[in-house]
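Report on the following structure.
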Amino acid sequence: MKKNIYYSLLISAMVSVSAAEETRQVDKHEHGVGELNIAIEGNAIDFEFFIPGADIVGFEYEAKTESDIALVNAALEKFENFDNIFSLSESSNCNLVNSEIGINQDDDHDDHDDHDEHDEHDDHDNHDDHDEHDDHDEHDDHDEHDEEAHNEFVAHYSFNCGNIKEIDRISFPYFTTFPNSGELEVQFVSEIGSTSFEVEGDEPFIDLKGKI
Ligand SMILES: [Zn+2]
């Protein structure tokens, strides 16, 4: 039901990004498939990415260990510079006017408090019962406990362009920046109409000739 609402919002009002985000269900995404909405209006072009954490850092639970947090922060930093994600024809003279980078963590995960307490219990049990077997602690694989958690990286970029019609191609260094990435499902909307593309790393670009 909610999903239907989201899709109808997406189709009827590409620009009302915040409304779409509010009704978005993170756990309904497909690992290996990132979504990108591109909207052109006047001299403005807008990019909005929703990418499963699995495609970016390889996990979707909330990062808590130092190494997981470092992975997430490194990924967010890469998103901060859009050159790592996509590139526009230089002659279009587009300047970034706004960007927002973040993570949507699936709220459902917070309800599993019992689960978390279990994790702590396990640690204690191992400690008490197997004092001699220090190796055993390494088998506490938190990844597996948190299999149900989902999140996505959300990145929103807005540009103003001197010559927006010069954007004849958009390339996606995204695929080399994030080697875990799968495909990108692109929904493109301009005043002329809308087009969808499926983009993969072996042909990392979309052709927009005649579509702007
Ligand atoms: Zn997921």
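The values are calculated or read from the model by the stated rules, or taken from the named source; none is laboratory data. Values in this document were obtained by computation on a predicted structure and should not be read as measured data. Glycine gets a Cβ as well: all are built from the backbone with ideal geometry, and neighbour counts include every protein chain shown. Heads up: the accessible areas ignore ligands, DNA and RNA and are worked out on the full protein's heavy atoms, side chains in. Shrake-Rupley method; radii C 1.70, N 1.55, O 1.52, S 1.80 Å.
Checking the condition at pLDDT below 95, closer than 20 Å to E148 by Cα and open to solvent by 30 Å² or more (accessible area, probe 1.4 Å), which residue from H118, H109, H124 passes? Break it down into steps so the answer makes sense when it comes.
On the way: H109 fails: open to solvent by 30 Å² or more (accessible area, probe 1.4 Å); H124 fails: closer than 20 Å to E148 by Cα.
Answer to the selection: H118.
Within the range 6-80, considering only helices (runs of 4 or more DSSP H) that don't extend past its boundaries, which have at least 1 residues that are more than 16 Å from the ligand (Cβ to nearest atom) and modelled with pLDDT under 95?
On the way: elements: 17-22, 53-56, 66-80.
Once the helices (runs of 4 or more DSSP H) in the range 6-80 are filtered for at least 1 residues that are more than 16 Å from the ligand (Cβ to nearest atom) and modelled with pLDDT under 95, what remains is 17-22.
Looking at the range 84-103, which of its residues are closer than 21 Å to G182 by Cβ and outside any strand (DSSP E or B)? Talk me through it step by step, then tell me what you get.
Taking the range 84-103 and keeping what is closer than 21 Å to G182 by Cβ, we get 84-87, 101-103.
Within the range 84-103, N84, I85, F86 qualify.
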